Each structure stands twice: as structure tokens, then as C-alpha cells.
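Below: the structure, in C-alpha cells.
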Amino acid sequence: MGTLKTYLALCLVGIVCGLLALCMSWVADRAFELLQVCPWLVWTLPLVGLATYALYRAAKVDFRMGTRTVVQLARDGEKIPAPLCPLIMLGTCLTIFAGGSVGKEAAALQLGASASCTLRRWLHLPEERRQLFALAGMGSAFAVLLGTPLAATVFVVELVGWHKQTLKCLPGVLLAVVFSTALFYLLGADHLITPVAVPAFNATSLPALILLLVVGCVVAVAFCLLLGLQGRLKDWSARRQIILLVAGGLLLAVFLWLYGTDFSGTGMLRIQQVLIAQDPGSFYFLGKLLFTAAVLLVGFKGGDIMPLMCIGATLGAAIAILCGQDVVFFSALGLILALAAATNCPFAMILMGIELFGIDGIGFYAVFALLGAVLTARFSLYDNRQLYDLIVRMRGREDAEGEAAFEAAAAAVIADAPADDAADAPAADADADAVDEAAPEDPDAP
């Protein structure tokens, strides 16, 4: 009975978290549309920052809690605060309303984890199922925004880690994700699903692909390092945080007023444009990266996954135009590479490439996702460095084996040395005696 109740509860998690994520997405999209009509709303950025901070303080939720913290809590099976669900929904929509560059997908991870854990408590299910419900909520909310159920399921498992306990959660997470995805198709939600064909390559294709791989990894690492600066602000007092929100908000508002809102929003519209071969501009990806990092570092709420997808897609398009390659295919490849390199979740990104763009490019998605994750294994947005730990262990094992082999060889040499010396000694003495006997007697000797 307990197991049946758990599975029914997981179905409910899929529906509830899916609805909440779609609701947040709809409000955020309307907020962005309003910003395009009323660009003066950028001057409300400081007020939005202060209002969000006040809401977190009133709900007694740590203002510094973000996606990385929620992933860590899910990894450890710890309690996730219930008020986080409405707070991150409202905070994300307000940031987009005022011109910030944040995403909905990472925010949906926070939303789903909080809502699902609250449902578990309401249904009086055991404490040891916290991780299961956290992962199910995260996967459901993430899947419903992109329409990628398999990628969402594997993604949340990769974030937490491929452990025995996590693998036990896999069927339950998949069940919840199936229900949220059914909701996605039932409501006809907006998505990025666009078939992408693999083009015929010419002599410049391989250099262009290598360039995309190298630059994409560098950009992903830069994004991780910039957002990693948030850790240095953990000990800041409330007064300093308020000053940062006001001063940073004003500077960002001045930038938006002078240069427009091209870098605002989630970046989904820009991804859709490059997927129909529209030129994003040579350095759009760099501007999006720096502006998104600035918004999140100041303290505004929202996610980083969709802006990262936009950065990767526009980078791929820029390199394709520079090298005379297929813009659509390179955009898709850049998107997958950026996500895999920054999140260290290559298998989820391979599945995402298949679900978003079709199976034609599976070989390229696999190579770029795996290479991107391995080359940037030391860096991660969410502290999931499983690949890096694996590489370190493998290197340690190789070093240990090499050292053991060296010590064995040295021991063999030492062990053989006395025997060789003993064998040579009689021969040497015999040779010396023979020389002495053969030498004539010196007549002048005393």
C-alpha cells in the first residue's frame, strides 16, 4: 500500500509541478512582452531587487539560496523550504519584467524541488523519500518547459550523482516526468523542438568544428567562473546586499536604457531566430554571457540554463557564419556543447539533442557533449564534478600502478645485485692470481 501511495503521489507531483512551471513560464513571457512595449520599466530594476529581497526575508528563506544550493540539498536528501516555490516564481518573473537576463529552467528546478517536497510532507510520506520527491519535482518542472522527458530525467539524476540510492529513484522520477510531459502536450506549450538535419560537410568543416569545441569550452568555463564569484558574497551582511541590489540595479538599468534590451529575457526568442538561420551578430554570445552573469551576481533571481543555451546557440551561429558552415546545425551543436560543458551532464545533453533536434545528428551531439564535459570536468555550475573525480581517481590509479611497477623493478635490481657481485668475485680473484703468476720477477726489487 505504501508503494502504491508513493507512485500515486509521484503522478500528482508531475501534474502539480508541471502546472506551476507552465504558470511561471506564461507570466514570465507576458512580463517580457510588456518590457518590449514599455522599455522604461528597466528603471524599476532596483525596486525589483529590493522587493525580492524583502519577500525572501519575510518568508525566512535565505536570500542567497539558488539552484546550486537546492541541488546540494537534493543530493543530501535534506529539507527544501516550502516558501521557495512561490518566491522563485515571483522573483524570476519580476527580474524579466524589469529587463534582467535570467532563465526559467533552472528556476523550475528550484520550484519543482520545493513543491514536491511540500507535497510529500502533506501526504505524510516517509522522510527517507525526500530525495525521490525532490528529483521527481525537479525533473517534472524542467521537462514541461522544454518537452524533453528523457533528458530531464537523466539530467536531474546526473546533477545529484549516479549512486545506488539515486538509481533507485529513476523509475519514480520517470513516472512523474511522463505525467508532466503529457500535460505539456495537452496544453500545447511553447517549445524549442525543431528538426535539424546534418549538412554535407566540406574541407573547412573539421577546422570549424574544432574551433566551436575549443571556444565553446572556454565560454562555458568563463560562465562557470563568473557565477562562481557568488560564493564570495556569502558572508555579506544584509546592508551590503541591499546596497549591491540598488547600485547594481541602477548600473544595469543605465546600460539597458543606453543600449536597449537585446540581452534581456531568457534568450529563447534569440535561439528560435538562429534555428531559422538568422544572424545573431558576431559577439552577441559574449554580451549575453556578461550581462547574465552581472544580473545574477548582483542578486536578482532567476535561472541560468536558458541564457546558457542562448549563449551556446548564438556562439555556434557566429562560428558557422565566420567559417561558411550551416548556421542551424552549428547553433544546435553549440547549444548542446555549452550545456554539457557547464553542467557536466553529457548523457542528458545527448538525449536533449535528440529530443530537441532529431536523431540525425546523434553522433555529433554525443562527441561534443562528452568532449565538452571531459575537457571542462573541473568546472560546474552546480558542483557536480563526477567526471573530474573519476578522472582524478583514474590518474591516481595509473600513478599508483606506475609507482608500484617502478618499486618492483628497483627491488628486483637490488635483489639481483649481490648475487651478481658474488658470482663475479671469484672470477675476478682468479684473473688477478693469473696475472700475478705470469708477471716476471723484478731484479731491482729489494
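Assess whether I80 counts as being open to solvent by less than 10 Å² (accessible area, probe 1.4 Å) and at pLDDT 95 or above. In short, no. Taking A208 as the residue in question, decide whether it is within 28 Å of L41 (Cα to Cα) and of a type in the set (A, V, I, L, M, F, W, C). Considered against the rule, which asks whether it is within 28 Å of L41 (Cα to Cα) and of a type in the set (A, V, I, L, M, F, W, C), A208 comes out as no. When restricted to residues that are open to solvent by 50 Å² or more (accessible area, probe 1.4 Å) and of a type in the set (D, E), region 323-379 contains 2.
Taking the stated definitions as given, is C23 farther than 23 Å from A253 by Cα and surrounded by fewer than 19 Cβ atoms within 10 Å (Cβ to Cβ)? So C23 passes the test. Of P39, P46, all but one fail to be in contact with a Ser or Thr (Cβ under 9 Å, 6 or more places away or on another chain) and either open to solvent by less than 20 Å² (accessible area, probe 1.4 Å) or at pLDDT below 95 (or both); the exception is P39. If you go through region 228-259 and keep only what is modelled with pLDDT under 90 and either assigned to a loop (DSSP other than H, G, I, E, B) or open to solvent by 70 Å² or more (accessible area, probe 1.4 Å) (or both), you end up with Q230, R232, K234, D235, W236, S237, R239, R240. Taking the listed residues P446, P426, P418, the one that is over 51 Å from the mean Cα position of the chain (by Cα), at pLDDT below 90 and outside any helix (DSSP H, G or I) is P446, with no other qualifying.
The values are calculated or read from the model by the stated rules, or taken from the named source; none is laboratory data. Note that the structure is a prediction, hence the values are computed from the model and not measured. Backbone-built Cβ (ideal geometry, glycine too); neighbour counts: all protein chains shown. Calculation scope for accessible area: heavy atoms of the full protein, side chains included, ligands and nucleic acids excluded. Shrake-Rupley method; radii C 1.70, N 1.55, O 1.52, S 1.80 Å.
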